[in-house]
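Below is one structure, written out as structure tokens; comments come after it.
The values are calculated or read from the model by the stated rules, or taken from the named source; none is laboratory data. Owing to the predicted nature of the structure, the values given are computational and were not obtained by experimental measurement. For neighbour counting, all protein chains shown are included, and Cβ atoms are generated from backbone atoms with ideal geometry for every residue, glycine included. The accessibility values were calculated without ligands, DNA or RNA, using every heavy atom of the protein model including side chains. Shrake-Rupley method; radii C 1.70, N 1.55, O 1.52, S 1.80 Å.
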Amino acid sequence: MSNFIAKKLQRGIYLKEQQFFRLREQVYQKSGIYIPNNKRYFLERRFIDCMKATMIQDSVAYYNLLRYDKSGRHLQTFIEALTVNETYFFREFEQLRCFAEEVLPIVGAKKKQGLKIWSAGCSTGEEAYTLAIILLEMLDGEIRSKSTILATDINQQVLEIAEKGIYDERAIRKVPLPYRSKYFTSLSQGYQVIPRLKRMIDFRQTNILDSTIMPFAETIDVIFCRNVLIYFDDNSRHKAVLNFFKALRSGGFIFLGHAESMSRITDIFQLQKFKDIIIYQKPM
């Protein structure tokens, strides 16, 4: 990055104020992601990175491309650059323990046709594959063979990584050693999940704010949507949560990130306290 661009970014004026507001609104309308005024520098840095990737030298030309490209492809790429996709296997272990030891016996007690779990905002797939491992370890018989995981994200690039299922040492550092040999194949470039795990997961590009493209109303037993709603404003959070409510079966559960609270969004879910974790349940 040239010193000229760096200085303009430091002053927060690479995008004119009106351009910043319009681009922020366009991102918000498309994805629900809201960039507050104090994150303007962050948006402008991503703007520069994406502009350089397209080989466009003029900021106005790239801004107009984002605004008026009818295909929406460039805006989608820009939105994907705004999301942070840092994750790893068995992240926030206490929640996963609660899911495995306390929630699964509840949702699977009377079901023979298999469970359906939704990893919403699945990023590069570590959470979805972790949930698949847990289902294989904790369920038996017919319910295990018929259980599936729906894994969605707005970002097509991270979904392509997830579908390949190849990860480095850092991503699997929390995987218990017995599970490494059981569910991963060692490769020269890292570790690949075994085909059995892949067959359990349906990866789809989905915007959780768009209820018209969710053909799974009242079919989901458990939703994991951790550290996703932090990108949204209150209105977008409410829309997303209503879609989760519609997707869940009666009595189904939803896990949010530790810094997220359903009570700040809506009272349609019931708060449930387990040993060390608070999660939310759709009323029976």
With a ≥ b ≥ c from the Cα gyration tensor eigenvalues, square-rooted, and the rule rounded for a/c under 1.5, otherwise prolate when a/b > b/c and oblate otherwise, the range 97-142 is prolate
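Just the number please: accessible area per residue for the range 98-242, 1.4 Å probe, all protein chains included, in Å². Show your work: numbers first, answer last.
Working: 6630 Å² over 145 residues.
Roughly 46 Å² per residue, with all protein chains present.
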In percent, how large is the relative contact order of the chain, given Cα pairs closer than 8 Å and 6 or more residues apart? 17 percent
Name the most mobile residue of S186, S250, S261, meaning the one with the largest mean-square fluctuation, in a Gaussian network model of the chain with Cα contacts below 10 Å. S186
Here, GluC sites (Glu not before Pro) of the range 148-239 satisfying both criteria (DSSP loop; at most 14 other Cβ within 10 Å) are E169, E218
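What is the range 104-262 by shape, rounded, prolate or oblate, if you read a ≥ b ≥ c off the alpha carbon gyration tensor as root eigenvalues and call it rounded for a/c under 1.5, prolate for a/b larger than b/c, and oblate otherwise?
Oblate is the answer for the range 104-262, as a/c is 1.5 or above yet b/c matches or exceeds a/b.
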DSSP-defined antiparallel bridges as percent of all bridges, the range 125-284, nearest 5: 55 percent
With both bridge residues required to lie in the range 87-216, what share of the DSSP beta bridges run antiparallel, to the nearest 5%? 40 percent
Cut-off under 5 Å, modelled amide H: who pairs with R204 long-range: A151, T152, D153
Could you tell me how many degrees, from 0 to 90 and to the nearest 10, lie between the Cα long axis of helix 234-247 and the main elongation axis, the longest principal axis, of the Cα atoms of the chain? 30 degrees
Of the listed pairs K110/K146; K39/K282; K116/K198; K111/K246; K116/K239; K111/K273, which have alpha-carbon separations greater than 25 Å here? K39/K282
I want the antiparallel fraction of DSSP beta bridges within the chain, as a percent rounded to 5. 40 percent
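Would you mind calculating the gained length between N38 and A259 on full extension (0.36 nm times residue separation, minus the Cα-Cα distance), in nm to one decimal? The partial results should precede the final answer.
Numbers: separation 221, 0.36 × 221 = 79.56 nm, distance 1.98 nm.
Extending this stretch completely gives an extra 77.6 nm.
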Cα axis of helix 73-82 to longest principal axis of the chain: angle in degrees, 0 to 90, nearest 10? 70 degrees
Computing the accessible area with a 1.4 Å probe over protein heavy atoms, can you report the carbon and sulfur percentage for the chain? 50 percent
Using Cα pairs under 8 angstrom and six or more residues apart, how large is the relative contact order of the range 171-284, in percent? 21 percent
Quick one: net charge around A240, please, counting Lys, Arg +1 and Asp, Glu -1 for every other residue with C-beta under 12 Å from its C-beta. -1
Computed about the Cα centre, the charge dipole of the range 228-284 from +1 Lys/Arg and -1 Asp/Glu charges at the Cβ has a magnitude in debye, to the nearest 20, of 240 debye
Relative packing of 87-98, 34-45, 120-131, which averages over residues the other C-beta atoms within 10 Å, highest first: 120-131, 87-98, 34-45
Name the residue farthest towards the positive end of the dipole of the chain from the options I161, G114, I194, assuming +1 on Cβ of Lys and Arg, -1 on Cβ of Asp and Glu, about the Cα centre. I161
Magnitude of the charge dipole, the chain, Cβ model with Lys/Arg +1 and Asp/Glu -1, debye to 20: 280 debye
Summed side-chain charge close to I143 - residues other than I143 whose Cβ falls under 12 Å, Lys, Arg +1, Asp, Glu -1: +3
Taking a label point 7 Å from the Cα of D234 along the Cα→Cβ vector, which residues of the range 39-60 have an amide N closer than 20 Å to it? 39
Taking the alpha-carbon centroid of each part, what is the distance from the range 210-245 to the range 44-68 in angstrom? 31 Å
Would the range 27-79 count as rounded, prolate or oblate if I go by the C-alpha gyration tensor, calling it rounded below 1.5 in a/c and otherwise prolate when a/b exceeds b/c, oblate otherwise? oblate
Amide H to amide H under 5 Å from I223: which residues, 5+ apart in sequence or cross-chain, H placed 1.01 Å off N in plane? W118, F253, I254, F255
Taking the Cβ-Cβ separation of V60 and L271 as r and a Förster radius of 45 Å, what is the calculated FRET efficiency to the nearest 0.05? 0.35
